[in-house]
Amino acid sequence: DIVMTQSPDSLAVSLGERATINCKSSQSVLYSSNNKNYLAWFQQKPGQPPNLLISWASTRESGVPDRFSGSGSGTDFTLTISSLQAEDLAVYYCQQYYTDPWTFGQGTKVEIK
Amino acid sequence: QITLKESGPPLVKPTQTLTLTCTFSGFSFSASRVGVGWIRQPPGKALEWLAVIYSNDDERYSPSLKSRLTITKDSSKNQVVLTMTNMDPVDTATYYCARRRGNDPPDSWGQGTLVTVSS
């Protein structure tokens, strides 16, 4: 299985400040034949299912605010929230869908400082 | 509008078999390479993928749980059923179903159903 490791486990950021979450995979999720990274980011608020924010490492889903951005390739990826809003309080997960079994990171909890 | 809804018993006893149903609308298995998968989340813990079934009947399972899981689909009813045998208290979790299109990540999720395993 591909192991996904996120850092940090939790993060306290002031409103309006930048939040950065890292995700590392135990093997590359870059598919050479199409040059795509099979890496997604999800946001999960309490009592709700995960919500897909970003696919292919950097493609924002429709309706996702542009303060959310994804970057990285191969085994190292980053989710950045450029200006944290109160509604961004949540747990964020990375997920690889390069191969079965799909695997998720352990989650990063974003809190207000 | 795409919706998925999980249903099943909220409480099962240890050693029993759990049967969960995902009923969906807004898409169908007639489309090429559509998949419906199951993911669970123990209280306060991370997400764990369990299984997925695709429109071509391809089934994939989590290696660690493969011996306990069976996933089936009923295209005429727009349903996917997951059975998990020999339930244990550590299987207590919210169970989600989610749709996958082609090689994309799961983009639509149900609200989840909490299953508690206790005698």
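The values are calculated or read from the model by the stated rules, or taken from the named source; none is laboratory data. Quick caveat, the model's predicted, so the values are computed rather than measured. Neighbour counts are summed over all protein chains in view; Cβ atoms, including those assigned to glycine, are modelled from backbone coordinates with ideal geometry.
What's the number of the only condition in (1) touching a residue at least 60 places away in the same chain (Cβ under 8 Å); (2) away from chain B (no Cβ under 13 Å); (3) surrounded by fewer than 19 Cβ atoms within 10 Å (Cβ to Cβ); (4) farther than 27 Å from B:G112 by Cα that A:R67 fails to meet?
(1)
Could you check, for region B:59-80, whether at least one of its residues is farther than 29 Å from A:T5 by Cβ and crowded, with 21+ Cβ neighbours inside 10 Å? So that I can check it myself, show each step before the final result.
Initial filter on region B:59-80 (farther than 29 Å from A:T5 by Cβ): B:70, B:72-80.
Adding the requirement that they be crowded, with 21+ Cβ neighbours inside 10 Å leaves B:80.
The answer is yes, given that some residue of region B:59-80 is farther than 29 Å from A:T5 by Cβ and crowded, with 21+ Cβ neighbours inside 10 Å.
Can you tell which of A:Q27, A:Q48 is over 9 Å from the mean Cα position of the chain (by Cα) and either closer than 24 Å to A:G16 by Cβ or at the interface with chain B (Cβ under 9 Å from one of its Cβ atoms) (or both)? Quick ask: steps written out before the conclusion?
Numbers: A:Q27 fails: either closer than 24 Å to A:G16 by Cβ or at the interface with chain B (Cβ under 9 Å from one of its Cβ atoms) (or both).
Within the list A:Q27, A:Q48, the selection yields A:Q48.
Please name all residue pairs, on different chains or six or more residues apart, with Cβ atoms under 7 Å, provided the first residue is in region B:24-40 and is in contact (Cβ under 8 Å) with a residue 24 or more places away in the chain and over 18 Å from A:P50 (Cβ atoms) and the second residue is part of a strand (DSSP E or B) and of a type in the set (F, W, Y).
Every condition considered, the pairs that remain are B:R33/B:Y54; B:V34/B:Y54.
Could you list all residues from region A:62-113 that are part of a loop (DSSP other than H, G, I, E, B) and under 20 Å from A:Y31 (Cβ atoms)? Give the derivation first.
Filtering region A:62-113 for residues part of a loop (DSSP other than H, G, I, E, B) gives A:62-67, A:74-75, A:82-85, A:89, A:97-102, A:105-107, A:113.
Correct list: A:G74, A:T75, A:Y97, A:Y98, A:T99, A:D100, A:P101, A:W102, A:G105.
Residues to consider are B:G35, B:G44, B:G112; find the one that is closer than 24 Å to A:M4 by Cβ and within 9 Å of another protein chain (Cβ to nearest Cβ). Show your work before the answer.
Working: B:G35 fails: within 9 Å of another protein chain (Cβ to nearest Cβ); B:G44 fails: within 9 Å of another protein chain (Cβ to nearest Cβ).
Every option except B:G112 fails the conditions.
Restricting to region B:74-102, what's the tally of residues that are among the polar types (S, T, N, Q), touching a residue at least 12 places away in the same chain (Cβ under 8 Å) and out of contact with any Phe, Trp or Tyr (no Cβ under 7 Å at 6 or more places or on another chain)?
To start, the set of residues in region B:74-102 that are among the polar types (S, T, N, Q) comprises B:75-76, B:78-79, B:83, B:85-86, B:92, B:94.
Then keep just the ones that are touching a residue at least 12 places away in the same chain (Cβ under 8 Å); that gives B:75, B:78-79, B:83, B:85-86, B:92, B:94.
Next cut, out of contact with any Phe, Trp or Tyr (no Cβ under 7 Å at 6 or more places or on another chain) only: B:79, B:83, B:85-86, B:92, B:94.
Within region B:74-102, residues that are among the polar types (S, T, N, Q), touching a residue at least 12 places away in the same chain (Cβ under 8 Å) and out of contact with any Phe, Trp or Tyr (no Cβ under 7 Å at 6 or more places or on another chain) number 6.
Looking at (1) aliphatic (A, V, I, L, M); (2) at pLDDT 95 or above; (3) closer than 26 Å to A:Y38 by Cα, which is the only condition B:M84 fails?
(3)
So which residues in region A:82-113 are more than 14 Å from every other protein chain (Cβ to nearest Cβ), within 24 Å of B:I39 (Cβ to Cβ) and in contact (Cβ under 8 Å) with a residue 60 or more places away in the chain, if there are any at all?
Passing the criteria: A:D88, A:V110.
Report yes if A:S58 is more than 14 Å from every other protein chain (Cβ to nearest Cβ), closer than 29 Å to B:G110 by Cβ, within 13 Å of the chain's Cα centre (by Cα) and not hydrophobic (A, V, I, L, M, F, W, C), otherwise no.
Numbers: more than 14 Å from every other protein chain (Cβ to nearest Cβ): no; closer than 29 Å to B:G110 by Cβ: yes; within 13 Å of the chain's Cα centre (by Cα): yes; not hydrophobic (A, V, I, L, M, F, W, C): yes.
Against the criterion (more than 14 Å from every other protein chain (Cβ to nearest Cβ), closer than 29 Å to B:G110 by Cβ, within 13 Å of the chain's Cα centre (by Cα) and not hydrophobic (A, V, I, L, M, F, W, C)), A:S58 does not qualify.
If A:Q6 satisfies every condition in (1) surrounded by fewer than 15 Cβ atoms within 10 Å (Cβ to Cβ); (2) in contact with a strand residue (DSSP E or B) (Cβ under 6 Å, 6 or more places away or on another chain); (3) of a type in the set (S, T, N, Q) but one, which is the exception?
(1)
For region A:14-69, which residues satisfy the criterion of being within 19 Å of A:G107 (Cβ to Cβ), in contact with a helix residue (DSSP H, G or I) (Cβ under 9 Å, 6 or more places away or on another chain) and of a type in the set (A, V, I, L, M, F, W, C)?
Result: A:A19, A:F68.
Yes/no per residue for (1) within 10 Å of the chain's Cα centre (by Cα); (2) farther than 24 Å from B:S28 by Cα:
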| site | (1), (2) |
| --- | --- |
| B:P63 | no, yes |
| B:R68 | no, yes |
| B:K73 | no, no |
| B:S76 | no, no |
| B:V80 | yes, no |
| B:T85 | no, yes |
| B:P89 | no, yes |
| B:T92 | no, yes |
| B:C97 | yes, no |
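Please work out which residue is nearest to the other protein chains (Cβ to nearest Cβ), limiting yourself to region B:90-105 and to residues that are assigned to a loop (DSSP other than H, G, I, E, B) and at pLDDT below 95.
B:P105
Quick one: in region A:18-61, which of the residues that are of a type in the set (G, A, S) and assigned to a strand (DSSP E or B) is surrounded by the most Cβ atoms within 10 Å (Cβ to Cβ)?
Quick first cut of region A:18-61, residues of a type in the set (G, A, S) only: A:19, A:25-26, A:28, A:32-33, A:40, A:47, A:55, A:57-58.
Checking the rest, the ones that are also assigned to a strand (DSSP E or B) come to A:19, A:25, A:40, A:55.
On the way: A:A19: 21, A:S25: 24, A:A40: 29, A:S55: 23.
Among residues in region A:18-61 that are of a type in the set (G, A, S) and assigned to a strand (DSSP E or B), the one surrounded by the most Cβ atoms within 10 Å (Cβ to Cβ) is A:A40.
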